[in-house]
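Presented below is the structure to which this report refers.
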Amino acid sequence: MTESTSYDFEFANALGNGHETYAGDNVRLRYFVRVQISRQYSSNITKTVDFAVQNVVPEPEINNSIKMEVGIEDCLHIEFEYNKSRYSLQDVVIGKIYFLLVRIKIKHMEIVIIKRESTGSGATVYNESSNISKYEIMDGAPVRGESIPVRLFLSPYDLSPTMKNVHNKFSVKYYLNLVLVDEEDRRYFKQQEIQLWRKSLRTLPTSKKSGPTSSK
């Protein structure tokens, strides 16, 4: 090779199932193009360039609301409802918390977005959870019959779509965790899984370019 040369390359058959690019706490899913120039009388030249894959999917045909009743016998009984069970990454969680029975002194209530990353398989599965965001929805003691609205925007947070059993290596799930804290700082909580999906492409920051590396 004595001059610049270009080669046509088709990605369609090279991506397999086309899972999204992902960078988590314990696992990474990367896509990259690697070019290696072999030289007879000198070391080889290798250049690797990462690129991102995003999957835009149509809106789910079935998207049921989430409605549950939870509580502590003779002390606390609440009903919570979220308008959907599947949300796009730019969506808004809308819901309400309804107090049916309140006999403990609640100090405040919050909703936490939790990401749970599972790696490995079978008996070697390792789960790690991280709090993406904490959002206070009530400050002060509620009374019986009171309804607290929920309106949580997802777009400000760094979220990925839900990923299930990618190459039998890892999964990523998201949960809404409703937390109530009483005046003695005891915490009562209930988690509910939600599924996230990508509605539109996201513009990613341009990574720094790295120079070629030599390999023998």
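The residue pairs whose first member lies in the range 51-74 and is touching a residue at least 40 places away in the same chain (Cβ under 8 Å) and under 22 Å from L176 (Cα atoms), whose second member is surrounded by 13 or more Cβ atoms within 10 Å (Cβ to Cβ) and among the small types (G, A, S), and whose beta carbons are closer than 9 Å, counting only pairs six or more residues apart or on different chains, are E59/S88; P60/S85; I66/S85; I66/G95.
When the strands (runs of 3 or more DSSP E) confined to the range 93-208 are screened for residues that are over 17 Å from the mean Cα position of the chain (by Cα), those reaching at least 2 such residues are found at 106-119, 126-139, 147-153, 170-182, 187-197. Taking the numbered list (1) within 30 Å of V181 (Cα to Cα); (2) assigned to a strand (DSSP E or B) in turn, K84 passes all entries but (2). Test each condition in (1) part of a strand (DSSP E or B); (2) under 22 Å from R144 (Cβ atoms) for D74 and report the one that comes out false. Of everything listed in (1) part of a strand (DSSP E or B); (2) under 22 Å from R144 (Cβ atoms), D74 misses just condition (1).
Checked against the criterion of being on the phi < 0 side of the Ramachandran plot and open to solvent by 90 Å² or more (accessible area, probe 1.4 Å), the candidates I37, I66, I62 yield just one match: I62. Among the residues of the range 72-89, are any open to solvent by 40 Å² or more (accessible area, probe 1.4 Å), touching a Leu at 6+ places or on another chain (Cβ under 7 Å), within 30 Å of D185 (Cβ to Cβ) and not hydroxyl-bearing (S, T, Y)? Yes. For the range 31-71, a residue qualifies if it is of a type in the set (S, T, Y), assigned to a strand (DSSP E or B) and modelled with pLDDT under 90, and exactly one does: Y31.
The values are calculated or read from the model by the stated rules, or taken from the named source; none is laboratory data. Keep in mind that what you see is a predicted model, and the values were worked out from it rather than measured. Because the Cβ atoms are built from the backbone with ideal geometry, glycine has one as well, and the counts that use them run over all protein chains shown. Side chains included, ligands, DNA and RNA excluded: accessible areas come from the protein's heavy atoms. Shrake-Rupley method; radii C 1.70, N 1.55, O 1.52, S 1.80 Å.
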